[in-house]
Protein chains: 2
Amino acid sequence: MRDIAGGITAVKGIRAAGICCGIKKSALDLALIVSDRPATVAGVTTTNQTKAAPVLLCERQLKGGKFSAIVANSGNANACTGRQGALDAAQTRDRLAQLLGRPTGEVFVASTGVIGKRLPISKVLSGIREALGRLSVTGGEAAARAIMTTDTQQKEVAVRFELDGKPIVIGGMAKGSGMIAPNLATMLCFVGTDARVSAPLLRRVLRRAVGDTFNAITVDGCMSTNDIVLLFANGMSDAPPIKAGTPQLDVFEEALFQILSRLAYMIVKDGEGATKLIRVEVRGSRTAHDARVAAMAVANSALVKTAFFGEDCNWGRIMAALGASGIRFDPNCVEIALDRIPVVRKGVGLGAAAERRAAVRMRRPEFDLTIDLHKGTGQAAVLTTDLSEAYARINAGYRS
Amino acid sequence: MRDIAGGITAVKGIRAAGICCGIKKSALDLALIVSDRPATVAGVTTTNQTKAAPVLLCERQLKGGKFSAIVANSGNANACTGRQGALDAAQTRDRLAQLLGRPTGEVFVASTGVIGKRLPISKVLSGIREALGRLSVTGGEAAARAIMTTDTQQKEVAVRFELDGKPIVIGGMAKGSGMIAPNLATMLCFVGTDARVSAPLLRRVLRRAVGDTFNAITVDGCMSTNDIVLLFANGMSDAPPIKAGTPQLDVFEEALFQILSRLAYMIVKDGEGATKLIRVEVRGSRTAHDARVAAMAVANSALVKTAFFGEDCNWGRIMAALGASGIRFDPNCVEIALDRIPVVRKGVGLGAAAERRAAVRMRRPEFDLTIDLHKGTGQAAVLTTDLSEAYARINAGYRS
């Protein structure tokens, strides 16, 4: 498996474009991704109950399991826009389907940006026409830029590997920022492949891959109204179809995991206001679910995150966050290490010298926090950021 | 019912003292509260699974339902101190019981301050002797100061009312700060009364009162390892015993609710880093539990709190926080008002003019946020603060 350039357009039969349709003043704000041949598709959407109109539309479209194209705009989330928002999302889909000559059920829509303002539908509709005229096999980067809101740069990645001697490419783009700006930076991720995979298998594969990547990052614990991850497979590679329970599937899943893992890392790494990226790992829990809950509780704790910012090995806050997480564990068994420097054993501190050594590691922009509960074999890891002064300043918007 | 001075020592038969035993350099750090006659007692402790040694001790003592005295130190939480911490807490209790001539089961211990450092036990033991010599009926204020950590001022309140023509006093103290400093400001609350109430009835009464007060405040969503609320009743008033299901109990509960309510308010109001106090009320939920969960989710949302700080009526973030709370509701039915200015109806915004009027109210140091889900009769309110730049700065400690 090796990295290649081109992002989502490195995939055979995928073309893309990114243009400015006028939602933003002059920056790219409309992305189009088209598969020359209809593809199977799977997706996961936000679990936030306040779902934006395009998310609700995607959920319905996903039932059909087929994908031809997606149009994604930035600058407006089309969320909390009521009945009109639903009509605007549907009209967007219908116009693209009509111009492409594909069934409406195979066309998807996504939006990210301001919540609560009506989508400038006429700009989007004329933008679709223009974007169609600019589709190309090198358009992946422009499309990746056109879905940005608070990101400091576009995020794309592609890998090529071989199954039975035939090349397969998986390529994708994402947006989402380690620091959430005033308009709630949604996470969007679109991944394509030229492998041939059935829709049901794609669904299982995506759920597994997302569980340890996109669902294992946290920035400020706030779930967007617009998050979507889409994975589509157009079968245009010469490799034979991938079946469940085969070594070929394992290779494919590993490559997909790499793609999503790296896009998720880029999301956490990006953004103003975050100065550090921390991998919080919990092991030794009774269940895998417990490990995830505990890791998230520590990763989301405001006091733990400010200690990260302060490069302060304040393990008492970590113990408090674990204790408040809701899982059952024995505080007297807990072991904590920072970049493999032990600072807590059997629930008590190992002393100031250990804490000083740990604090030195915390001056780096990335470090690991490992928590062993010594109660079982559950394990989970989460990526998170620190919480800095800049966070509140950026998100207050009108003051300071 | 009317306010009176004296805090916990306004209660008949309660004496208190606050001294400096040397845990802190020169500030008061040891509080002693004694009831001349043994009292019935009820208490609630933190639900954090990482419980400090004094908390575990209190939980055992509470089973007996009797109270004679409590010694509470600040400057050291005696948390995450292992076996030694448990021995130190027990030794503290035993020394006080011995010097007072009361059973050890009636003596309580509390600590607040740094986590993970051993309690300076010899200072505490000699401090107990000194504090005993200074017990007085005006010692409430010094005791309230001696339990402070990050609080900017002591917190005490007392009320007097009559039952069947006889006066009853309820008085209490608390500590805990609207902004949590590097050492995790625990909430401690000690309330005494000269009413005569059985221990079982006291337990029920306390649980109800705490539910809408101390369990309905949030500052940064972080639960301490040391939180304790104690309520004791020594029966030294001339009023007849209070029984369940009587109008007298209603009067007593209303007075207790006022006491806890005001102490909880003082806690949220206090502290560096918070510039605003907001009452978040959710109504119209399917259940009361749903209302509490939703109110807490909104009150704890980093994005909502930074919007409060920015005096920005960003209702989209409130919709997102509701949607992520886990309760079931229909976003298309949601109504939101700020200080009774409607800004959202049926899940969509009411326009920029309404938001501007709301933003004007948000310049005040206190305002109300009301969310109506229009799905039932559940209701709950939570007090919270904004999230300012100062928060991260204070809690980083070593940097910035």
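The values are calculated or read from the model by the stated rules, or taken from the named source; none is laboratory data. Bear in mind that the values here come from a model prediction, so they are computed numbers and not experimental data. Every residue, glycine as well, gets a Cβ built from its backbone with ideal geometry; the counts of neighbours run over all protein chains shown. These accessible areas exclude ligands, DNA and RNA; they are computed on the full protein's heavy atoms, side chains included. Shrake-Rupley method; radii C 1.70, N 1.55, O 1.52, S 1.80 Å.
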### Query
Tell me, which residues of region B:337-361 get at least 10 Å² less accessible area when the other protein chains come in, versus the chain alone (1.4 Å probe)?
B:GLY347, B:VAL348, B:GLU355
### Summary
Among A:ALA174, B:GLY351, B:PRO167, the residue whose Cα sits farthest towards the positive end of the charge dipole of the protein assembly as shown (+1 at Cβ of Lys and Arg, -1 at Cβ of Asp and Glu, taken about the Cα centre) is B:PRO167
#### Entry: Angle in degrees between helix B:121-133 and the longest Cα principal axis of chain B, rounded to the nearest 10
80
### Query
Please state the Cα pair-distance histogram of the protein assembly as shown with 10 angstrom bins from zero: what percent is in each bin?
3, 13, 21, 22, 18, 11, 7, 4, 1, 0
### Query
If you place +1 on the Cβ of every Lys and Arg, -1 on the Cβ of every Asp and Glu, and leave all else neutral, what size is the dipole of chain A about its Cα centre, to the nearest 20 Debye?
640
### Task
Please give the residues from region B:50-66 for which the solvent-accessible area of heavy atoms, probe 1.4 Å, is smaller by at least 40 Å² with all protein chains in place than with the chain isolated.
B:THR50
## Note on the structure
Hull volume per residue for region B:236-334, using the convex hull of the C-alpha atoms, in Å³ is 142
#### Entry: Positive-end extreme of charge dipole, region B:1-155 - chosen from B:ALA90, B:ILE23, B:ASN78 (charges on Cβ)
B:ALA90
### Query
In nm, one decimal, shortest first: how far is the label point of A:ALA86 (7 Å from Cα along Cα to beta carbon) from the matching points in the other copies?
5.9
### Query
What percent antiparallel are the DSSP beta bridges of region B:2-269, to the nearest 5?
75
### Query
Rounded to the nearest 0.05, what FRET efficiency do A:GLU130 and A:ARG208 have when you use their Cβ-Cβ distance and R0 = 45 Å?
0.75
### Task
Please work out the C-alpha center-to-center distance from region A:81-103 to region B:64-121 and express it in whole Å.
67
### Query
Which semi-axis lengths, in whole Å and largest first, follow from the square roots of five times the eigenvalues of the Cα gyration tensor of region B:277-396?
22, 17, 12
### Residue-averaged [θ]222 nm for the protein assembly as shown, counting only DSSP H segments that reach four residues, each worth -39500 (n - 2.57)
-10500 deg cm²/dmol
#### Entry: Proximal charge balance of B:GLY376 [Cβ under 12 Å; K/R count +1, D/E count -1]
+1
#### Entry: region A:2-269: radius of gyration over Cα atoms, expressed as a fraction of 2.2 N^0.38 Å
0.91
### Task
Treat every Asp and Glu Cβ in region A:277-396 as -1 and every Lys and Arg Cβ as +1, leave all other atoms uncharged, and give the resulting dipole magnitude about the Cα centre to the nearest 20 debye.
160
### Query
In nanometres, what is the gap between the two model label sites at B:ALA352 and B:ASP368, each 7 Å from Cα along Cα-to-Cβ?
2.9
### Task
Could you work out how far helix A:352-361 tilts from the main Cα principal axis of chain A, as a 0 to 90 degree angle to the nearest 10?
20
### Summary
Rounded to 0.05, the calculated FRET efficiency for the beta carbons of B:VAL137 and B:ARG83 at R₀ = 35 Å is 0.35
### Message
Please report the net charge: other residues with Cβ closer than 12 Å to the Cβ of A:ALA195, K and R +1, D and E -1.
### Response
0
### Query
How much accessible area is lost when chains B and A come together, counting both sides, with a 1.4 Å probe, in Å² rounded to the nearest 100?
4100
### Message
I'd like the Karplus ³J(HN,Hα) series for region B:155-163: coefficients 6.51, -1.76, 1.60, θ = phi - 60°, whole numbers in Hz, and an x wherever there's a Gly or Pro.
### Response
10, 8, 7, 8, 10, 10, 8, 10, 10
### Query
How far is it, in nm, from the label point at B:ALA288 to the one at B:THR152 when both lie 7 Å from their Cα along the line to the Cβ?
3.5
### Query
Carbon and sulfur atoms: what percent of the 1.4 Å accessible area of region A:2-269 do they account for?
50
### Summary
Close lysine pairs (region B:1-117; alpha-carbon distance under 30 Å; 8 or more apart or on separate chains) counted at 10
## Note on the structure
In debye to the nearest 20, the charge dipole size for the protein assembly as shown, taken about the Cα centre with +1 at each Lys and Arg Cβ and -1 at each Asp and Glu Cβ, equals 360
### Query
Given q = 0.12, 0.21, 0.22 Å⁻¹, what are the Debye log10 I(q)/I(0) values for region A:32-179, with equal point scatterers placed on the Cα positions and solvent ignored?
-0.51, -1.55, -1.65
### Task
Pick out which of B:GLN49, B:GLN258, B:GLN61 has the largest mean-square fluctuation in a Gaussian network model of chain B, springs linking Cα atoms closer than 10 Å.
B:GLN49
### Query
Which ³J(HN,Hα) values, rounded to whole Hz and listed in residue order, are derived for region A:340-350 from phi using the Karplus coefficients 6.51, -1.76 and 1.60 in 6.51 cos²θ - 1.76 cosθ + 1.60 with θ = phi - 60°, glycine and proline given as x?
6, 8, x, 10, 9, 9, 6, x, 10, x, 9
### Query
Considering only protein heavy atoms, what per residue accessible area in square angstrom results for region B:277-396 with a 1.4 angstrom probe?
37
### Message
Could you identify the residue of A sitting closest to the A-B rotation axis by Cβ and state that distance rounded to whole angstrom?
### Response
A:GLU389, 2
